[in-house]
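I have placed the structure first, in the form of structure tokens, so that the comments after it can refer back to it.
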Amino acid sequence: MKLVAESAGVVSAVSVQAGETVDAGTVLIATELMKMLTEVTAPAAARILEVHVAVGDTIETGTVLATLEAVEAPAQGGDGQTKQIPSPLLEQLNARRAALSDAGRSARVARRHASGGRTARENVDDLLDPGSFNEIGGHALAAQHSTHTLETLIERSANDGVITGTGTVDGLPVAVLVADYTVMAGTQGFFHHKKVDRLLDISKRNGLPLILYPEGGGGRPNDVDAHPVSVAQLEVASFHAIAALPEHVPVIAVVHGYCFAGSAAFAAIADVIIATETACIGMGGPAMIEGGGLGVFTPEEVGPARMHLTNGSLDCVVKDEAAATAVCKTMLGLLADPFGPLPDTFPAQRMLDTLIPDNRRAVFEPRDVVHAVFDVGTVVETKRGFGAALVTGLARLNGRAVGFLASDCRTLGGAIDGDAAEKAAGLFDLCHERGLPIISFVDTPGFMVGPAAEETGQIKPIGRFFKAGARFGPPLLTVILRRAYGLGAMAMAGGGLHASDLTISWPTGAFGAMGLEGAVRLGFREQLAACEDEGSRNALFHDLVDGMAERGKALNAASYFEIDDVIMPSETRARLINALEVLQAA
């Protein structure tokens, strides 16, 4: 058999001579063209009969290089498989991968587990569908090569403290950014930011929701290799880019452990922030606080989750990272997948017919309404410890993702204070950005009044509530459960009972410009003052209240076309489903 050149070139090596016997795969001759080396190998075990070229010869495509005679292949030992010798470069890659893995960083992983946390890779594995992760920048190390050996950097700065990439969550494509607290306490380094910037660009260009697990501190001062090209790195694009991202895609943050400075700023921009019970979030950590001369504090004293839940900064607080990841998956589905599967079952609707007490002043649990109307197991309440006069959250209605708000008459009698108004405005803004309809369940005496209420500065959040309703684009459906009094009821309906796309009432609905008792005291002050005694005054007062209650009944309001319809409570779910099918199909 003859070996011929498959391309032109110059012979750079001849490794055999006539008379030799070689195995299959043996390199016989090497040629070079444009600095690229081509090795010509024996196609099978053979004896070299003649070599037709020498080193330095110029050859053309088709030039005969050598003549061979096939011989019987030597017997293979062992299991009969030819031994494959890995390339040194492949061995180097495998060794580097092993060193950067959790298994290769066992001491750091053990410390993380001992503190009750999971590793960054464990969170990625739990969040994403198996086999879907496409990592970006997995070999990045801290910009400290001039001060540490490569081996030290591999051990101390795997991924430069952040795992980034793309994948799917229950089939939904996402971008993922997970800080690694085991790397230099989660501080944000030079290449850390470059990885983040690249991921944010990919997220925006491809419309991928961002899931981030921010943890650790802010900038890392000892990335000395970056100093020749930067003084303070205040020009990094990460914070501008991540702040702009929610205008394009949903952003969900899952916070565990210490989350300070730059990490806290990342969390703050998210549409939804889910935290574990042990999370501590602050714009400055203990070191920065002490450095500013503001005292000495432990990390646990700076922004604990329980505090942020009551001040409205957090949407959900759960036990641990596993629970937080589960909530994150549910939230992602609601925000990024507006049309989920139809429910197999839903609660019996007849219970709604007897939910409102006959006594108009008796309290009830509004969450019973919420869970009866929406699909089973899909309700996720947000900001439960904040603005408790309103219950807010996301859910599915016959598979369709929606937002909801509901008056809670057990707090402030359902009166909407500044915190509740801020909470509602935030829900309207979130659902507007994500194109989700809102269902509003109303039982309120209006906005909170009094000097103490005004001291809280409630006028601005109340204004924001009205503005959020006015700009709201998706369908807004209003269900009057009981009291629809004053400006508070109007705000809950988007600014007025005809501002929403459908305003329906249960028979228990009661309408008025303000609470009945207050309206009587103000509107009939002279008549009450003219009564001869307390008994007659009380009798007149109750007669007037009863008269206003009769006038404000739902059926009477409907007769004046102040609302669209009065329905049986058990018809609520079906009526809302029908309305959304028409409104969102238009």
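The values are calculated or read from the model by the stated rules, or taken from the named source; none is laboratory data. Model, not experiment: these values are computed from the prediction. Here the Cβ is made from the backbone with ideal geometry for all residues, glycine too, and neighbour counts use every protein chain on show. Calculation scope for accessible area: heavy atoms of the full protein, side chains included, ligands and nucleic acids excluded. Shrake-Rupley method; radii C 1.70, N 1.55, O 1.52, S 1.80 Å.
About the Cα centre, and with charges only on the beta carbon of Lys, Arg (+1) and Asp, Glu (-1), how big is the dipole of the chain? Nearest 20 debye, please.
My answer is approximately 780 debye.
Give the ranking of V373, V64, V4 by solvent-accessible surface, highest area first, calculated with a 1.4 Å probe.
So the residues, ranked largest to smallest area, are V4, V64, V373.
Would you compute, from DSSP H runs of 4+ residues alone, the mean residue ellipticity of the chain at 222 nm, taking -39500 (n - 2.57) per run and dividing by the full residue count, rounded to the nearest 500?
Calculated from helices alone, the mean residue ellipticity at 222 nm is -9500 deg cm²/dmol.
With all protein chains present and a 1.4 Å probe, how do T310, T572, T152 order by accessible area, largest first?
Ranked from most to least accessible, the order is T310, T152, T572.
Among L294, I563, N311, pick out the residue whose Cα is farthest towards the positive end of the charge dipole of the chain, where Lys and Arg carry +1 and Asp and Glu carry -1 on C-beta, about the Cα centre.
Value: I563.
Considering only region 209-308, what is the antiparallel percent among its DSSP beta bridges, to the nearest 5?
About 10 percent, rounded to the nearest 5.
Across region 465-476, in residue order, what do the Karplus-derived ³J(HN,Hα) couplings come to in whole Hz, using 6.51 cos²θ - 1.76 cosθ + 1.60 with θ = phi - 60° and x for Gly and Pro?
Karplus-based 3J(HN,Hα) across region 465-476 equals 4, 5, 5, 5, x, 5, 8, 5, x, x, x, 10 Hz.
Under a 5 Å amide H to amide H cut-off, with H placed in plane at 1.01 Å, what residues pair with Y258 once short-range neighbours are removed?
So Y258 has HN proximity to G216, C280.
Using a 1.4 Å probe, what is the accessible area per residue for region 143-189, in Å²?
Normalised by residue count, the accessible surface of region 143-189 is 31 Å².
With the cut-off at 1.5 for a/c, could you classify region 112-204 from its C-alpha gyration tensor as rounded, prolate or oblate?
oblate
Could you do me a favour and compute the accessible area per residue for region 326-398, 1.4 Å probe, result in Å²?
Result: 46 Å² per residue.
About the Cα centre of region 388-502, how large is the charge dipole given +1 on each Lys and Arg Cβ and -1 on each Asp and Glu Cβ? Please answer in debye to the nearest 20.
Dipole of region 388-502, to the nearest 20 debye: 340 debye.
Please work out how much accessible surface T168 shows to a 1.4 Å probe, ignoring ligands, DNA and RNA, in Å² rounded to 10.
Answer for T168: close to 40 Å² accessible.
Give the percent of DSSP beta bridges with both residues in region 328-447 that are antiparallel, rounded to the nearest 5.
70 percent
What list of ³J(HN,Hα) values in whole Hz, one per residue of region 106-122 in order, does the Karplus curve 6.51 cos²θ - 1.76 cosθ + 1.60 (θ = phi - 60°) give from phi, with Gly and Pro shown as x?
4, 5, 5, 5, 4, 5, 5, 5, 5, 7, x, x, 9, 6, 4, 5, 5
When the accessible area of the chain is split by element with a 1.4 Å probe, what percent falls to carbon and sulfur?
56 percent
Is region 359-470 best put as rounded, prolate or oblate by its Cα gyration tensor, with a ≥ b ≥ c the root eigenvalues, rounded for a/c under 1.5, and otherwise prolate when a/b is larger than b/c, oblate when not?
Oblate shape, in that a/c is at least 1.5 and b/c is the bigger or equal ratio.
For the chain, what does the relative contact order come out to in percent, with C-alpha contacts under 8 Å and a separation of six or more?
7 percent
So for the chain: antiparallel DSSP bridges make up what percent, rounded to the nearest 5?
Taking every DSSP beta bridge with both residues in the chain, the antiparallel ones total about 55 percent.
Would you tell me the accessible area of E91, worked out with a 1.4 angstrom probe on the heavy atoms of the protein chains, in Å² to the nearest 10?
Using a 1.4 Å probe on the heavy atoms, I get roughly 100 Å².
Here is the link list: K204/K329; K2/K35; K204/K423; K319/K383; K423/K460; K383/K467. Which ones come out longer than 22 Å on Cα distance?
K2/K35; K204/K423
Compute the helix-to-body angle for 321-336: its Cα long axis versus the longest principal axis of the chain, expressed 0 to 90° and rounded to tens.
Approximately 80 degrees, to the nearest 10.
Can you work out ³J(HN,Hα) from phi for every residue in region 124-141, in order, using Karplus 6.51 cos²θ - 1.76 cosθ + 1.60 and θ = phi - 60°, giving whole Hz and x for Gly and Pro?
4, 5, 6, 6, 8, 5, x, x, 8, 6, 10, 6, 10, x, x, 9, 5, 10
Shape of region 8-79 from its Cα gyration tensor (a ≥ b ≥ c, root eigenvalues): rounded if a/c is under 1.5, otherwise prolate when a/b > b/c, or oblate?
Prolate, because a/c is 1.5 or more and a/b exceeds b/c.
Choose one of I242, L177, T187: the residue whose Cα lies farthest towards the positive end of the charge dipole of region 147-249 (beta-carbon charges +1 Lys, Arg; -1 Asp, Glu; about the Cα centre).
Among I242, L177, T187, the one farthest towards the positive end of the dipole of region 147-249 is I242.
How do E155, E532 rank by accessible surface area computed with a 1.4 Å probe, from largest to smallest?
Largest accessible area first, the list is E532, E155.
Go ahead and run the numbers for FRET between A110 and L234, Cβ-Cβ distance against an R0 of 30 Å, rounding to 0.05.
My answer for the efficiency is 0.25.
Using +1 at the Cβ of each Lys and Arg and -1 at the Cβ of each Asp and Glu in the chain, identify which of I273, S15, I202 lies farthest towards the dipole's positive end.
Of the candidates, I273 comes out farthest on the positive side.
So how much accessible area does M184 have, in Å² to the nearest 10, using a 1.4 Å probe?
In the full protein context, M184 sits at about 50 Å².
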